[in-house]
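Q: Sharing a structure, written as structure tokens. Questions coming.
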Amino acid sequence: MEIRDYQPFYLDSPGALAKEIIRLGVDLAVDDDTAALAHPLEIGHKQISNRFCAQPITGCDAGPAGTPGKLTLRRYRRYAQGGYGLIWFESTAVGPVGNPRQLCLHDGTLDAFSSMVEATRTDALARPVLVLQLTTVPAPPDTVLSDSDIELSRDAFIQAAVLAARAGFDGVDIQCCGGSLAGSLLGAFSRPGKYGGSFENRSRFLLETLAGVREKAPSLLLAGLALLNVTCASPNLRDPAAGRGLSARSDDANPDEHPLMTLDRQLRIARALREASPGLAVVGSGFSWLRHFLPQVAAGAIRSGAIDIAGMGRGALAYPHAPAEFTARGKFEANSCCMVCFACSLLQAESESVGCVIRDSAVYGPVYRGMRRFDPDQLFASARRCHMCEAAPCISANPTHTDIPAFIQAYLKGDEDKAAAIIRESDPLPELTSRLSPAWVMGDGACIETSLTGTPVAILDLQYAISWRARGRGIIGVRVPAELTGKRVAIVGGGPAGIAAAVRLIERGHRVELFDISDRLGGTPERVIPGSRLPEVRAELDAVLQPALDAKRLQIHLRAALGENLVIDELRTAHDAVLLATGVWQERSLGKVPGVVDALTFLESAKRGSTTIGNRVAILAGGDSAMDAARTAQNLGAREIYIIFGGPRSEMHWHLPEIWFATPGVHAMMNWQPLGFEVDQSDTVCGVRIRNVGLRLETVLPVDFVVEAMELQVAGSIHSALAGIKFSAAGTVEVGDNFRTNLDRVYAAGALVNGGASVAQCVGEGVLAAASIHHDLVTHSPTS
Ligand SMILES: Cc1cc2nc3c(=O)[nH]c(=O)nc-3n(C[C@H](O)[C@H](O)[C@H](O)COP(=O)(O)O)c2cc1C
């Protein structure tokens, strides 16, 4: 990798900045007197209370149908509480279709937008003026919209502006910058017809739209007529050719001009526009690079007539309380300012939630790290730290006993096919296992680099990236042998254990019938684990199983429930062996009262989008699903989340990064044992009785929602359907050596046996059970 030139931020005082401005020959004023920034300004019939504007930043954090998400609301509330006089809301699609995770304004989201406006105004430091930027999703490249398409868009903008007024916005902005419809048409010199060619035609769309908005929503301030946000590059963008930083992966290149020159250019454009339209309030851009000298230069730009309002884009993300601090102390705090690091642009480029990774790191640090963790440079650097240990501890810690050093070595040598093959030798579902297993108890946890450097080799991330790329190359399907053994095996349960066993049995030439109670394969991962943790469960399963389905070696029977339409004795009669891998379907409970729900039900309904949550939520933790429940509760808007666990942290399985526990509102209550529930007059839960294990202290934690995620048990229905099968004292199916149950030719594996261990453990058991079945049916069968 090329080492970039180090260019320190070398300005240590307004005086040094003023000297630099003279050296560069740019026309920027640096004012010691910054009082102008606190002056109110009349815009149309509205007044803004100061000259700070939080500029639009596409947040990529919208919820379903384009509704403002939790982080969207947080962003705008922080701006309002931080005292910005003008808040310019991000680019919002008109109508129901936007880019991924983009806000969309339409009838279905109007209420959510009204709530966002209300929430923004609540607790605002000074009543901010709220402007909403409207846009359309760009047409695919080389598409030429017809005149009637353009007219439909115009009407959609007008309709959305009417909705914006109803939601309570003070103004709207028809987005005109790069890639927008209005912007493209303004440059449509060669377009025939009434929307292209002459300036009159090129501006027709914008003027018709503005006229329509003025007629249908006369109360709104109109950007373009009353105020204008002028923006055309972010100073210090390291690759100016990349536009405004939206493809900032190229941020290694140095800028070809000094940031002060970019700012100067921006302000000259703003001044020209301002002078051409007296009365137009102009928001200037490009100040963030100045860090804590922003007030002096912005005040100079206002006094010299270049702009009326100082815009902060990335600067506002980093420093949402900048205006409040300026009012209180007359200056910006250097350590709170934007560092111009581009991380926000990178997040946006990947449609991840956008925020300041540096100054708001508790929230956006994990998002950013999650995004980068599969970058080739990160993975390669991590792989290079592998010591290729003899008797590697990572292998024994991993339930599938994958030869980790061997696959890492193949990867480092550039042979990814070989690396994928090594992984698949021991693990038929490596994407699933690597994403869902708690890394710290598996290979990563055992890696000697943890002791040597504090950071393990990212084994599971490497496994995941290698495996998903192998899927992309079409090489992960089950290998179906030409020869058949003539044996038929029934597998009950299409989760990780059942599928892993099916793959291995098919590879050994057996026919498999796979039965599952639900309407799709995948078991717990597919049904309950949040999609954010493993977006493509189906894709891996389908790719693995397809060759067996094509070769008719595998038959899948869905909605097949043991004890109902599936009877174990019949399965035994029709097959040479039966493997039970149903999983366990019942959370241990302290008692069922309204407001208390088990983790599996909670996660399943959250995944289907049909659940509600309280404000103060207790997660009774112990099992693997506790962390998913906690994260899901957070995503659904719970304010306070108490993770209550009867043992020390070291005994709790969790897959969330440690820093997650530092998220505001999350309380990890270790060594607190839940005893039972308190209910209110309507018999709904209002508290959890808890006891501190060490202090022997008992108290009641007030909550309004409880998720029980302590420990899974075999569901009663499975128990009765398996009447002839011996269960252990722990309530799981008892298996002897090699996963045999007490019934002849009936085997069991996965959560039914281990009580709900990691996915990797279940896959590992499925593989071993298949080997055992094969051994009994073929290698050691008297008929073979
Ligand atoms: C991640 C990101 C998203 C942005 N989204 C928008 C947007 O939705 N609409 C818009 O007009 N400008 C958008 N901008 C431009 C900013 O509003 C601002 O003009 C630009 O970042 C320059 O100001 P700064 O140096 O203060 O960041 C975006 C910029 C960034 C970095």
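Q: Please give the peptides 636-642, 258-264, 574-580, 493-499 ranked by average Cβ packing (other Cβ atoms within 10 Å per residue), highest first, as a rough proxy for protection.
A: In decreasing order of mean packing, 636-642, 258-264, 574-580, 493-499 become 493-499, 574-580, 258-264, 636-642.
Q: When all C-alpha to C-alpha distances in the stretch 56-220 are sorted into bins of 5 Å, what percent of pairs does each bin hold, rounded to whole numbers?
A: Reading the bins upward from 0: 2, 9, 18, 22, 18, 14, 9, 5, 2, 1, 0.
Q: Relative to the compact-globule scaling 2.2 N^0.38 Å, provide the ratio for the alpha-carbon radius of gyration of the stretch 588-712.
A: 0.97
Q: Can you tell me the relative contact order of the stretch 378-515? Whole percent, Cα pairs under 8 Å, sequence separation 6 or more.
A: Relative contact order for the stretch 378-515 comes out at 22 percent.
Q: A further question on this structure: Excluding residues fewer than 8 places away in the same chain, name every one of the aspartates and glutamates whose C-alpha is closer than 15 Å to that of K194.
A: K194 reaches D147, D149, E151, E208.
Q: I would also like to ask the following. Near F645, within a Cβ-to-Cβ distance under 13 Å, what is the net charge of the other residues, with Lys and Arg +1 and Asp and Glu -1?
A: Residues close to F645 contribute a combined charge of -2.
Q: Ok, one more. Computed over the Cα atoms of the chain, what is the convex hull's projected area averaged over all directions, in nm²?
A: Average of the hull's projected areas for the chain equals 39.8 nm².
Q: Moving to a separate point now. Based on Cβ point charges of +1 for Lys and Arg and -1 for Asp and Glu, what charge dipole magnitude is obtained for the stretch 373-472 about its Cα centre, in debye rounded to the nearest 20?
A: The calculated dipole for the stretch 373-472 is roughly 100 debye.
Q: Once the cut-off is 22 Å, how many percent of the Cα-Cα pairs in the stretch 274-347 end up in the long-distance tail?
A: When all Cα pairs of the stretch 274-347 are counted, 26 percent exceed 22 Å.
Q: Return the aspartates and glutamates within reach of K487: Cα separation strictly under 19 angstrom, same-chain partners fewer than 8 residues apart disregarded; answer none if there are no such residues.
A: By straight Cα distance, K487 reaches E507, E513, D550, D569, E570, D576, D744, D776.
Q: Next question, about the same structure. Among L163, L452, what is the fewest-to-most ranking by other Cβ atoms within 10 Å?
A: So the residues, fewest neighbours to most, are L452, L163.
Q: Please name whichever of P192, H401, W660 sits farthest to the positive end of the charge dipole of the chain, dipole taken about the Cα centre and charges placed at Cβ: Lys and Arg +1, Asp and Glu -1.
A: P192
Q: Oh, and also: Where the eigenvalues come from the Cα gyration tensor of the stretch 553-596, what are the semi-axes √(5λ) of the equivalent ellipsoid, largest first, in whole Å?
A: 32, 12, 10
Q: Moving to a separate point now. Which of the peptides 356-365, 479-488 is most tightly packed, and how do the rest follow, going by the mean number of other Cβ atoms within 10 Å of each residue?
A: 356-365, 479-488
Q: Quote the relative contact order of the stretch 26-122 in percent (integer), defining contacts as alpha-carbon pairs under 8 Å separated by 6+ residues.
A: Normalised by residue count, the contact order of the stretch 26-122 is 27 percent.
Q: Given an 8 Å cut-off on Cα distances and at least 6 residues of separation, report the relative contact order of the chain as a percent.
A: Reported as a whole number, the value is 9 percent.
Q: The stretch 146-233: D in µm²/s via Stokes-Einstein (Kirkwood Rh, Cα pairs, 10 °C, 1.306 mPa s)?
A: Stokes-Einstein gives a translational diffusion coefficient of 119 µm²/s.
Q: Students often forget the sequence filter, so: which lysines lie under 23 Å Cα-Cα from K592 once same-chain residues fewer than 8 apart are removed?
A: Answer for K592, where 23 Å is the Cα cut-off: K607, listed by chain and number.
Q: Applying 1/(1 + (r/R0)^6) with R0 = 51 Å to the Cβ-Cβ distance of A391 and R649, what FRET efficiency is obtained, to the nearest 0.05?
A: So, using R0 = 51 Å, E works out to roughly 0.95.
Q: Given the stretch 1-128 reduced to its alpha-carbon atoms as identical point scatterers, what log10 I(q)/I(0) does the Debye formula return at q = 0.09, 0.15, 0.19 Å⁻¹?
A: So the normalised log intensities are -0.43, -0.86, -1.01.
Q: Using a cut-off of 11 Å between beta-carbons, work out the net charge of the residues near K487 (Lys and Arg +1, Asp and Glu -1, K487 not included).
A: Here the count lands on +2.
Q: Separate question: I need L412, L562 ordered by Cβ neighbour count within 10 Å, fewest first.
A: Least to most surrounded, the residues fall as L412, L562.
Q: Rounded, prolate or oblate for the stretch 373-472? Axes are the square roots of the Cα gyration tensor eigenvalues, ordered a ≥ b ≥ c, and the cut-off for rounded is a/c under 1.5.
A: Rounded, since a/c falls under 1.5.
Q: So, with +1 on the Cβ of K and R and -1 on the Cβ of D and E, and no other charges, what is the size of the charge dipole of the chain about its Cα centre, to the nearest 20 debye?
A: Approximately 720 debye in magnitude.
Q: Provide the convex hull volume over Cα atoms per residue for the stretch 256-413, in Å³.
A: Once divided by residue count, the hull of the stretch 256-413 is 177 Å³.
Every number in this text was worked out from the coordinates using simple rules, so none of it is lab data. Model, not experiment: these values are computed from the prediction. With ideal geometry, Cβ positions are generated from the backbone for all residues, glycine too; neighbour counts draw on all protein chains shown.
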